[in-house]
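The values are calculated or read from the model by the stated rules, or taken from the named source; none is laboratory data. Everything numeric in this text was worked out from a predicted model, so none of it was measured. Glycine gets a Cβ as well: all are built from the backbone with ideal geometry, and neighbour counts include every protein chain shown. We work out accessible area using only protein heavy atoms, side chains counted, and drop any ligands, DNA or RNA first. Shrake-Rupley method; radii C 1.70, N 1.55, O 1.52, S 1.80 Å.
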Amino acid sequence: MMNKYCEWVLIFMICVSVNGFDETEFHYNTSEVISLLEASSAVAGPKPLLVGLTLIPGAAAKGAVCLDGTLPGYHLHRGFESGANSWLIQLEGGGWCNTVRSCVYRKTTRRGSSNFFEKQLAFTGILSNKAEENPDFFNWNRVKVRYCDGASFAGDSEDKANNLQFRGQKIWLAAMEDLMSKGMRNADQALLSGCSAGGLASILHCDEFGSLFSGRTKVKCLADAGMFMDATDVGGGHTLRNMYEGVVTLQGVANNLSPACTSKLNPTSCFFPQNIVPHIKTPMFILNAAYDSWQVVSSLSTPAADPNGAWKACRNNPGNCSPSQINFFQDFRNQMLNALEGFSTSKQNGLFVNSCFAHCQTERQDTWFADDSPVINNKAIALAVGDWFFDRSSVKETDCPWLAVQAV
């Protein structure tokens, strides 16, 4: 049965279809639609905690700047009581820019300039300060690191001619250094998390994060909607691979990728999580929708890959998909599960793959922990992540395929 968020995803897909999109900016646009949906859902419920912005002092001197050269930043809400010495870092998502044109455009948005950062952000879901909304992490030090580089905090280059700074790696380092100075170096427990492009960033930086701490600190990582697959689109092409190749090349990402991966594969391949997770040593939890709505719309069945519009009805509403189209998505699900097979056999790792057509489930209250949240084996996402982090139980949850869900 779909929860409220899964139903909203269908609305968001229809909105995108009606309004059209630029593929290089599509991830940014869809995040805007989801933000509107979040705002509409917040009206009826209790007001969330609003947390102020902190720009990182001294970041510019280290070369750690947004695409337009402005200072990076984060939002920090201090922990209290039993969570005063525990830290949760959430890396913001928001797509990528793979061309000079798309990166120049991002400079006019909060995805490329702190001039456009919100001064306050609502902390909901995994960032909530209420035990009834976030049972295991509500009283931790909780941080939302803003995303303004366009390469999942991994680039290190510049384009002087177009006044573009590709400094995601330096932003990551500057943010961690600043947070360590504010008490994180003494953490008893630390969790690096992220959603979408931030979920990919949590995968890319997981072992780096672990290396910041002494052996006495319990350190783990969580990737939400970060399992972007190197999959063939409906036209037989590789839409996402082509985009990633542009990101990696333009932003100088190669030197910041896993050497264990790049010693065997090309840099673009090593920007795909399926080729990174086998090499991660720090315990990690992968949370993903098997039919990830962003990948369905902007990687697998884009208008460019479907020039005759055969997939338009299915793309707008999964209920309109033909049997052969459903089989295509089932194959995508199988590719994801196969890519995670070795990962899931490790005792230290956790897995929660549900059958929503969704994208990002930790930051939204209705998917993280609510009365109608998605569950697998009667376990909500928040409880699954908590059980895994605190070693209360092994969590390797995979939902039944979509066809089985529809039959219920």
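Can you order the peptides 64-74, 154-164 by their average number of other Cβ atoms within 10 Å per residue, highest first?
64-74, 154-164
Roughly how big is the chain's charge dipole about its Cα centre, with Cβ charges of +1 (Lys, Arg) and -1 (Asp, Glu), in debye to the nearest 20?
The calculation lands at about 780 debye.
Is the chain best put as rounded, prolate or oblate by its Cα gyration tensor, with a ≥ b ≥ c the root eigenvalues, rounded for a/c under 1.5, and otherwise prolate when a/b is larger than b/c, oblate when not?
Here the chain falls in the rounded category.
Taking the alpha-carbon distance from K119 and a cut-off under 20 Å, which aspartates and glutamates remain once sequence neighbours fewer than 8 residues away in the same chain are dropped?
Partners within reach: E32, E38, D68, E92, D149, D178, E363.
For S181, what accessible surface area do you get with a 1.4 Å probe? Give it in Å², rounded to 10.
Probe radius 1.4 Å; accessible area of S181 about 70 Å².
List the residues, sorted by chain then number, that are 5 or more residues from Q90 or on another chain and whose placed amide H is less than 5 Å from its amide H.
Answer set, sorted by chain and number: V143, K144, V145, S193.
For the chain, what is the mean residue ellipticity at 222 nm derived from helices alone (per DSSP H run of n ≥ 4: -39500 (n - 2.57); sum divided by total residues; nearest 500 deg cm²/dmol)?
My calculation for the chain gives -9000 deg cm²/dmol from helical runs alone.
From the residues A382, G235, A190, which one has its Cα farthest along the dipole of the chain in the positive direction, the dipole being from +1 and -1 charges on Cβ of Lys/Arg and Asp/Glu about the Cα centre?
With unit charges placed on the Cβ atoms, the residue in question is A190.
Tally Lys/Arg at +1 and Asp/Glu at -1 over every other residue whose Cβ is under 12 Å from the Cβ of D224; what's the total?
Net local charge, D224 excluded: -2.
Toward the positive end of the charge dipole of the chain, about the Cα centre and with charges on Cβ (Lys, Arg +1; Asp, Glu -1), which of S214, N316, G93 goes farthest?
S214
Rounded to the nearest 0.05, what FRET efficiency do D188 and K130 have when you use their Cβ-Cβ distance and R0 = 22 Å?
Efficiency, from the Cβ-Cβ distance: 0.50.
For a protection proxy built on the mean count of beta-carbon atoms within 10 angstrom, sort 381-394, 247-260, 86-99 highest first, please.
Ranking, from highest mean packing down: 86-99, 247-260, 381-394.
Specify whether the C-alpha gyration tensor of segment 247-322 places it in the rounded, prolate or oblate class, a ≥ b ≥ c being the square roots of the eigenvalues: rounded for a/c under 1.5, otherwise prolate if a/b is larger than b/c and oblate if not.
Oblate shape, in that a/c is at least 1.5 and b/c is the bigger or equal ratio.
Check K218: other-chain or 5+ apart residues with amide H under 5 Å from its amide H, H built from backbone geometry?
Q189, A190
Quick check: at a probe of 1.4 Å, how many percent of the accessible area of segment 38-164 sits on carbon and sulfur atoms? List each step's numbers first, then the result.
On the way: 2630 of 4840 Å².
Heavy-atom surface of segment 38-164 belonging to carbon and sulfur, 1.4 Å probe: 54 percent.
Membrane-span-like helices in the chain: DSSP H runs reaching 30 Å or more (Cα, own axis), mean Kyte hydropathy at least 1.6?
Span-like helices, by this rule, are absent here.
Note down the magnitude of the dipole of segment 212-335 about its Cα centre, charges +1 on Lys and Arg C-beta and -1 on Asp and Glu C-beta and zero elsewhere, to the nearest 20 debye. Spell out each step's value before the answer.
Numbers: 9 positive and 7 negative charges, 107 e Å.
Dipole about the Cα centre, nearest 20: 520 debye.
Modelled label-to-label distance, V100 and A84, 7 Å Cα→beta-carbon offset: nm?
So the label points at V100 and A84 sit 5.4 nm apart.
If you place +1 on the Cβ of every Lys and Arg, -1 on the Cβ of every Asp and Glu, and leave all else neutral, what size is the dipole of segment 347-408 about its Cα centre, to the nearest 20 Debye?
On the way: 5 positive and 8 negative charges, 50 e Å.
Roughly 240 debye for segment 347-408.
For every other residue with a beta carbon closer than 14 angstrom to the beta carbon of A260, add +1 if it is Lys or Arg and -1 if Asp or Glu, then tell me the sum.
0
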